[in-house]
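Undergrad: Got a structure here, written out as structure tokens. Questions coming.
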Amino acid sequence: MTLEVAGLTHRYGDELALEDVSFEVDAGEIVGLLGPSGCGKTTTVQTIAGHVNSTAGGIHLRGEDITADPPERRDVGVVFQEPTLFPHMTVAENVAYGLLPAGVGPDERAATVDRYLELVSLSEQREAMPAALSGGQRRRAELARALAPQPDVLLLDEPLSALDRGLRDRLREEIARIQRETGVTTLYVTHDQETAMALSDRLVVMSDGQVAGIGEPRELYESPPTPFVASFLGRSTRLPVTPPGDPGLTLESRALAGDGGT
Amino acid sequence: MTLEVAGLTHRYGDELALEDVSFEVDAGEIVGLLGPSGCGKTTTVQTIAGHVNSTAGGIHLRGEDITADPPERRDVGVVFQEPTLFPHMTVAENVAYGLLPAGVGPDERAATVDRYLELVSLSEQREAMPAALSGGQRRRAELARALAPQPDVLLLDEPLSALDRGLRDRLREEIARIQRETGVTTLYVTHDQETAMALSDRLVVMSDGQVAGIGEPRELYESPPTPFVASFLGRSTRLPVTPPGDPGLTLESRALAGDGGT
Amino acid sequence: MPALLGGLLLVYVAVPFVAFLARTGTADVLARLAEPQAQVAVRNSLLTATTSTIVATVLGVPLAYVLARRSFPGKRLLEGLIILPLVLPPVVAGAMILTAFGRFTPIGATAYAVGIELTGSFIGIVLAQTFVAAPFVVVTARAGFGAIDERLERASRSLGYTALGTFRHVALPLARGAILAGITLTFARAMGEFGATYMVASNPRTMPTRIWVDFINGGIDAVVPVGLALLAVTLAVLAVVQRVGR
Amino acid sequence: MPALLGGLLLVYVAVPFVAFLARTGTADVLARLAEPQAQVAVRNSLLTATTSTIVATVLGVPLAYVLARRSFPGKRLLEGLIILPLVLPPVVAGAMILTAFGRFTPIGATAYAVGIELTGSFIGIVLAQTFVAAPFVVVTARAGFGAIDERLERASRSLGYTALGTFRHVALPLARGAILAGITLTFARAMGEFGATYMVASNPRTMPTRIWVDFINGGIDAVVPVGLALLAVTLAVLAVVQRVGR
Amino acid sequence: ESSVSVLSAGSLAATFEDHVGPAFKSETEITVQGEYFGSNAVMRMVEDGTKHPDVVVSADATLLRDRLVGTQTDWDVEFATNVLGIGYNADTAFGSRMAAGEEDWYDLIRETEQGDVAISNPEQDPLGYRAWQAFGLAEREHGIEGFRSEVWDLVEQVAEEPQVLGGVEGGSRAGAVVYGNMARDHDIPFEPFPAAYNFADPSLADHYATAEYTFEDGTTVEGRPILYNATVLDRADAPENGRRLVEFLANNPDDVLGEAGLATADSLPRAHGTLPDGLTI
Ligand SMILES: [Mg+2]
Ligand SMILES: [Mg+2]
Ligand SMILES: [Mg+2]
């Protein structure tokens, strides 16, 4: 068991954001953490990464209790929901950033940066500043940066929600490929059923701060343990195709209108 | 003749950025201004918009000499190369912004905003702040903002260069559709031969601050007036398909690696 | 570690304050503040510092904008000039203002002839405070304007707005935070201004000149009531400014 | 229109300066500056203002960071505290410092017992300048840190950097412009500080205290040489700071 | 509202703010607007034209007479004197022994450490050079060889009157050579010097004159009684109000000046030059 989340409970002031959240992620597995906006997905990720201290519950990584460790001692790679490339560093410097505290020497550092830039197809942008990248390139640079120090677990918090539809689909496949190639244990957070179903080995469905169901995508879809899971997973197929205002534009404008996050 | 550019010459300090640039754009026409990076395209656009005062030459709009007019008196809509949505206003406020100085009353203003948001398929984002939009949505919001005051001419300065490949292709078609629907006289600036050929009624090819050729795309392509035009327009077909580093990834990674601007 | 270093500075600022209050006590503060002299000083300070801040903002924010946006020969010189009052000891600033606007100078005499006293008057206080405090809002607002993408302003021009309209609708709202910080510094400095004010217009009394007179009359203890009033009034005004500005 | 309003402020700042130089002339400036007294003052001012600026920056920038990033009970109070020296007339600031660090106060006596004089010494000057000038770098740097997306720092932590390492590699470089502006204001203020310095350590002489003595002995004309030197030295140092900081 | 502006020696700030001002106002309805600098700075600012008060008051009668009479005015009136002595901080060793009153000040001061006792800067402030002169007169009066130079090395020269007293009050000084009225204003314990060197008795002027102080620029000033004088400037905005104030000071109704801690001698008030019409003392 690589990652074990046990009984996570968190309060913001009076509000209960997480209530007894428990799940596990196996080595090399990609687990989707799925749920509607505000259900506690980001709080869960932040707690695993150590940026939020949970009120109760524990986190184990490779069998070690890391609940009280600061983020820098956790070996958890994170790609945040919003872009976080360091604007004052080149793409290569961004990717190299996490290698220094990991104790990687200069020569190996350069080789590692090259390898990961190639993995995400950004070798030509190595000297570019983040501001010069397109949205998809930024996301891939962040992915390389998070992967380069070879974390025990990679947390992806809705990495595609700020991107346009078509790009999103392509980058999703790209992420799947990278995960396959690196074999990194991954927790993939999304509110998008389709993405979760397509990517995940297993799914953790959350609702209102609680785990509503855990299982393989097909299994959960076919025999949902709760009505919420049923309706939430089912919705992607039940979604009616609403006719847009101008019937002449139907397909083209749909494709564009549907992009973006929540 | 809607737009007439005659003998435009511009110096930045000692350097000659534009030299005797002349061309015309007919009413309702979409003209592509094509050339490699640094050839003077943006300076030409800025001069037409009134943000740069040319050293010599004149600009006529609907027969009137506007060479000495400040930008706000020119009735020229601009979509800049980099995004310029006002970050402190909602999408709807951005689109409404240009209607006030145009003297449009409140009721008509609201109706106009609705119409243009629908045109660019952003009706649902009307109350969103620009920061919450995806790259493609931002571009479309800017397009709506530039079109709403019904300018005599619309200048698009490489509007797609900051976007990812797939999105770029889709948005290019979107722009073509919008231009057809609104019938706005358009000057479309790009360094991308393919985009220019696909979109333009006529092409103005620039090289090193000078006009290297003017004509219909097919005409210029088939009988280029200068060697530069020949090589610049021809290159898109002569471009060799370079094999990527890892042959296993060929198609997928090509699609992603090729995105972004120059 | 940052907290530790930062705490050191806080302690350093707090120690004199605490030592001061511990020594002087705050016993009859209210009684002393009830005296008309103190009340007049509070009123005068509020009136003049507010006026100075408004003058500095109304003139300084446009200046900051011009400095941030335009380039012209001699710009460096003007930038140096605007830091000048920040560097000058207030006494010298006061002496300078007196050489320019004193009663027997051409400007001062002309003003006096038409019944306006430029020194020893409210106007004199405002002249002194504005001279000393205006640079803060200029320097801060300039940084704010400099951070705005100029293309946003070009877009506004192309959407039909004049340079002035663009300033109002785009530059001003986007630099609001920085301008607010500048106004804060300027107002605080104007409220506390003593040296130049005392040279140019020691009457009518502001809180700082009142404090000085209290000090040479009654020593350190006598400073406490108006001193505390000065702090309280300034912080209260700044709290309101922050709230309104958000 | 902005240029016009801004120009008004520039003219207002320039007029006293020009009037002052026109009246006093600059004839024997160099001769007066060649006097050892003047040279000592220049050296003392450079030494103390640089020290004060370094102390204020080393302590103030971390403080600004903490204030920008953390929230804790009593934070508002500390924020008020840090504006305090900005509002206080320098005389009161000086009186406060004396009550805290004077020779016969517990702190002052302890220091004196081990041979350190906290008043009437270089240390005294630095104490006064730091007290008065440190708030500028704190307020400005705080605004700079506040503008940084906190997520960048979280990303740095998750990439293996401690809070301190993150501060060094992410927060500091990204807030550089604002910190530089703060250092500028703090150094300028420290160079020009007179009131508190004169209370706490009128000796050794800095340029502002030298100017005051020259003024009461020789009047306005006598102020010119050191006054000009003060401006020249300050602007020169700030030019270097700007260049190095870029 | 009728007012008169006064540019005065700093040592008279309290006198004008708390005593003369209110009393004069209640008698004449005229408001006193006071402004206070060291006597030297006062003269300088009047000469420079940077300040244009109605009335100038000096803590050093000769200074005003030398600098202003003949150019800015042609008369002055001496109206009060003051006592020089030691103000001290009773919480210090020096102060508590002074308070005990069993030892002589000149023995105690020699036992202080360098910088414990402050004087005004003699180059800037008459209070400073009077301290020098008093130490010299005391050396002769008590027959203590080398007293002045010994003490001179011990005392700290700080800026001016306000700083001197601020030090004693704030806790950075054990004591300071100050005027009696200053100690009273600031509510600190005060031990006046004997008449032989307290500069309070105009009739001892010749004796005081035997002590000299030489400025850094080589000029010399003789000791003289502390004599406060006042004048109305020729170009005063409110000359009539100014004259009434000087008259008020000279005639000192209800011992207003005494209340303020100043001393009045039999020989005062005393006019120099031709008094303007309507001014009687
Ligand atoms: Mg979330
Ligand atoms: Mg361009
Ligand atoms: Mg005096």
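The values are calculated or read from the model by the stated rules, or taken from the named source; none is laboratory data. On a predicted model such as this, the values are computed, not experimentally measured, just so you know. Neighbour counts are summed over all protein chains in view; Cβ atoms, including those assigned to glycine, are modelled from backbone coordinates with ideal geometry.
Undergrad: Count, please, the residues in region C:180-191 that happen to be crowded, with 24+ Cβ neighbours inside 10 Å and either in contact with a strand residue (DSSP E or B) (Cβ under 8 Å, 6 or more places away or on another chain) or of a type in the set (Val, Ile, Thr) (or both).
TA: Selection size over region C:180-191: 2.
Conditions tested, residue by residue: (1) within 14 Å of another protein chain (Cβ to nearest Cβ); (2) modelled with pLDDT of 95 or more; (3) more than 23 Å from D:Ala100 (Cα to Cα).
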| position | (1), (2), (3) |
| --- | --- |
| E:Gln133 | no, yes, yes |
| E:Gly146 | no, no, yes |
| E:Trp152 | no, no, yes |
| E:Gln157 | yes, no, no |
| E:Glu161 | yes, no, no |
| E:Ser172 | yes, no, no |
| E:Arg184 | yes, no, yes |
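Undergrad: Let me ask something else. Evaluate region E:155-163: report whether one residue or more is more than 19 Å from D:Thr197 (Cα to Cα) and more than 16 Å from ligand 2 (Cβ to nearest atom).
TA: Checked against the condition, which is being more than 19 Å from D:Thr197 (Cα to Cα) and more than 16 Å from ligand 2 (Cβ to nearest atom), region E:155-163 yields at least one hit.
Undergrad: To continue, here is another question. For region D:144-163, indicate whether the set of residues that are of a type outside the set (A, V, I, L, M), more than 30 Å from A:Gly50 (Cβ to Cβ) and within 14 Å of chain A (Cβ to nearest Cβ) is non-empty.
TA: No, region D:144-163 contains no residue that is of a type outside the set (A, V, I, L, M), more than 30 Å from A:Gly50 (Cβ to Cβ) and within 14 Å of chain A (Cβ to nearest Cβ).
Undergrad: Let me ask you something else. When the residues of region E:238-269 are filtered to those that are among the small types (Gly, Ala, Ser) and in a loop (DSSP other than H, G, I, E, B), which remaining residue is surrounded by the most Cβ atoms within 10 Å (Cβ to Cβ)?
TA: Step by step, filter region E:238-269, then rank; the result is E:Ala260.
Undergrad: Oh, and also: In region E:158-185, what residues are within 15 Å of ligand 3 (Cβ to nearest atom) and without any contact (Cβ under 8 Å) to a residue 60 or more places away in the chain?
TA: E:Val158, E:Ala159, E:Gln163, E:Val164, E:Gly166
Undergrad: Related question: When you check B:Leu16 against the structure, is it within 13 Å of chain C (Cβ to nearest Cβ) and more than 16 Å from ligand 2 (Cβ to nearest atom), yes or no?
TA: no
Undergrad: If you don't mind, there's one more thing I want to ask. Look at A:Val52 and say whether it is under 19 Å from the mean Cα position of the chain (by Cα) and within 13 Å of another protein chain (Cβ to nearest Cβ).
TA: Considered against the rule, which asks whether it is under 19 Å from the mean Cα position of the chain (by Cα) and within 13 Å of another protein chain (Cβ to nearest Cβ), A:Val52 comes out as yes.
Undergrad: Still on this structure, I have one more. Got at least one residue in region B:85-102 being at pLDDT 95 or above and more than 14 Å from chain C (Cβ to nearest Cβ)?
TA: Yes, region B:85-102 has at least one match.
Undergrad: Follow-up question, since we're still on this one. Take region B:146-161 and flag every residue that is assigned to a loop (DSSP other than H, G, I, E, B) and more than 14 Å from B:Thr195 (Cβ to Cβ).
TA: The answer is B:Ala148, B:Pro149, B:Gln150, B:Pro151, B:Asp152.
Undergrad: Name the single residue, out of those in region B:143-175 being within 16 Å of ligand 2 (Cβ to nearest atom) and at pLDDT 85 or above, that is farthest from A:Gly135 (Cα to Cα).
TA: B:Leu155
Undergrad: Looking only at residues in region A:127-145 that are in contact (Cβ under 8 Å) with a residue 40 or more places away in the chain and outside any helix (DSSP H, G or I), which one is nearest to D:Arg157 (Cα to Cα)?
TA: Within region A:127-145, the match that is nearest to D:Arg157 (Cα to Cα) is A:Met129.
Undergrad: Do we find that C:Leu30 is out of contact with any Gly (no Cβ under 8 Å at 6 or more places or on another chain), assigned to a helix (DSSP H, G or I) and surrounded by fewer than 17 Cβ atoms within 10 Å (Cβ to Cβ) in this structure?
TA: Working: out of contact with any Gly (no Cβ under 8 Å at 6 or more places or on another chain): yes; assigned to a helix (DSSP H, G or I): yes; surrounded by fewer than 17 Cβ atoms within 10 Å (Cβ to Cβ): yes.
Yes: the conditions hold for C:Leu30.
Undergrad: Can you name the residue in region C:231-246 that is under 15 Å from the mean Cα position of the chain (by Cα) and over 17 Å from D:Thr99 (Cβ atoms) and is also surrounded by the fewest Cβ atoms within 10 Å (Cβ to Cβ) among such residues?
TA: C:Val241
Undergrad: Within region A:184-209, how many residues turn out to be away from ligand 1 (no atom under 16 Å from the Cβ) and assigned to a strand (DSSP E or B)? Step through it out loud before you land on a result.
TA: Filtering region A:184-209 for residues away from ligand 1 (no atom under 16 Å from the Cβ) gives A:184-186, A:194, A:197-203.
Narrowing the set further to residues that are assigned to a strand (DSSP E or B) leaves A:185-186, A:202-203.
So the count comes out to 4.
Undergrad: Continuing with this model, one more query. Does region A:36-55 hold any residues that are over 22 Å from D:Arg157 (Cα atoms) and surrounded by fewer than 22 Cβ atoms within 10 Å (Cβ to Cβ), and which are they?
TA: Within region A:36-55, A:Pro36, A:Ser37, A:Gly38 meet the criteria.
Undergrad: Right, here's the next one. Select, from C:Ile107, C:Ile97, the only residue that is in contact (Cβ under 8 Å) with a residue 60 or more places away in the chain and under 30 Å from D:Thr209 (Cα atoms).
TA: Result: C:Ile97 is the single residue among C:Ile107, C:Ile97 that is in contact (Cβ under 8 Å) with a residue 60 or more places away in the chain and under 30 Å from D:Thr209 (Cα atoms).
Undergrad: Can you confirm whether C:Arg69 is surrounded by fewer than 16 Cβ atoms within 10 Å (Cβ to Cβ) and of a type in the set (D, E, K, R)?
TA: Working: surrounded by fewer than 16 Cβ atoms within 10 Å (Cβ to Cβ): no; of a type in the set (D, E, K, R): yes.
No.
Undergrad: Report yes if some residue within region E:137-153 is of a type in the set (Phe, Trp, Tyr) and over 20 Å from the mean Cα position of the chain (by Cα); otherwise report no.
TA: yes
Undergrad: Given region C:173-246, what helices (runs of 4 or more DSSP H) lie entirely inside it while holding 1 or more residues that are away from chain E (no Cβ under 14 Å) and in contact (Cβ under 8 Å) with a residue 24 or more places away in the chain?
TA: Here the list reads C:176-192, C:207-245.
Undergrad: D:Ile211 - would you say it is crowded, with 24+ Cβ neighbours inside 10 Å and in contact with a Pro (Cβ under 8 Å, 6 or more places away or on another chain)?
TA: Considered against the rule, which asks whether it is crowded, with 24+ Cβ neighbours inside 10 Å and in contact with a Pro (Cβ under 8 Å, 6 or more places away or on another chain), D:Ile211 comes out as yes.
Undergrad: Within region E:50-61, does at least one residue satisfy the condition of being within 16 Å of ligand 3 (Cβ to nearest atom), under 18 Å from C:Gly195 (Cα atoms), of a type outside the set (Ser, Thr, Tyr) and not in a loop (DSSP other than H, G, I, E, B)?
TA: Looking through region E:50-61, none of the residues is within 16 Å of ligand 3 (Cβ to nearest atom), under 18 Å from C:Gly195 (Cα atoms), of a type outside the set (Ser, Thr, Tyr) and not in a loop (DSSP other than H, G, I, E, B).
Here's the yes/no breakdown for (1) assigned to a helix (DSSP H, G or I); (2) more than 10 Å from chain D (Cβ to nearest Cβ):
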{"residue": "C:Pro62", "(1), (2)": "yes, no"}
{"residue": "C:Tyr65", "(1), (2)": "yes, no"}
{"residue": "C:Phe72", "(1), (2)": "no, no"}
{"residue": "C:Arg76", "(1), (2)": "yes, no"}
{"residue": "C:Leu84", "(1), (2)": "yes, no"}
{"residue": "C:Tyr112", "(1), (2)": "yes, yes"}
{"residue": "C:Gly115", "(1), (2)": "no, yes"}
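Undergrad: What are the pairs with Cβ atoms under 8 angstrom where one residue, in region D:61-81, is on the phi > 0 side of the Ramachandran plot and the other, located anywhere, is part of a helix (DSSP H, G or I) and acidic (Asp, Glu)? Sequence gap at least six, or different chains.
TA: Close Cβ pairs satisfying both conditions: none exist.
Undergrad: Can you tell me how many residues in region A:120-136 are surrounded by 18 or more Cβ atoms within 10 Å (Cβ to Cβ), of a type outside the set (Ser, Thr, Tyr) and facing another protein chain (nearest Cβ under 9 Å)?
TA: 6
Undergrad: Related question: Which of the residues belonging to region E:95-117 are in contact with a Leu (Cβ under 9 Å, 6 or more places away or on another chain) and touching a residue at least 24 places away in the same chain (Cβ under 8 Å)?
TA: E:Met98, E:Ile109, E:Arg110, E:Thr112, E:Glu113, E:Gln114, E:Gly115, E:Asp116, E:Val117
So that you can scan it fast, the table gives a plain yes or no per residue for (1) within 26 Å of D:Ala171 (Cα to Cα); (2) in contact with a helix residue (DSSP H, G or I) (Cβ under 6 Å, 6 or more places away or on another chain):
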{"residue": "A:Val5", "(1), (2)": "no, no"}
{"residue": "A:Tyr12", "(1), (2)": "no, no"}
{"residue": "A:Glu24", "(1), (2)": "no, no"}
{"residue": "A:Gly28", "(1), (2)": "no, no"}
{"residue": "A:Leu34", "(1), (2)": "no, yes"}
{"residue": "A:Thr42", "(1), (2)": "yes, no"}
{"residue": "A:Ala49", "(1), (2)": "yes, yes"}
{"residue": "A:Val52", "(1), (2)": "yes, yes"}
{"residue": "A:Asp69", "(1), (2)": "yes, no"}
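Undergrad: Among the residues of region B:51-77, write down those that are among the hydroxyl-bearing types (Ser, Thr, Tyr) and closer than 15 Å to B:Ala102 by Cα.
TA: Looking only at region B:51-77, we keep the residues that are among the hydroxyl-bearing types (Ser, Thr, Tyr), and these are B:54-55, B:67.
Hits for region B:51-77: nothing passes.
Undergrad: Under 21 Å from the mean Cα position of the chain (by Cα) and within 16 Å of ligand 3 (Cβ to nearest atom) - does that describe any residue in region E:108-118?
TA: Yes, there is a match, as at least one residue in region E:108-118 is under 21 Å from the mean Cα position of the chain (by Cα) and within 16 Å of ligand 3 (Cβ to nearest atom).
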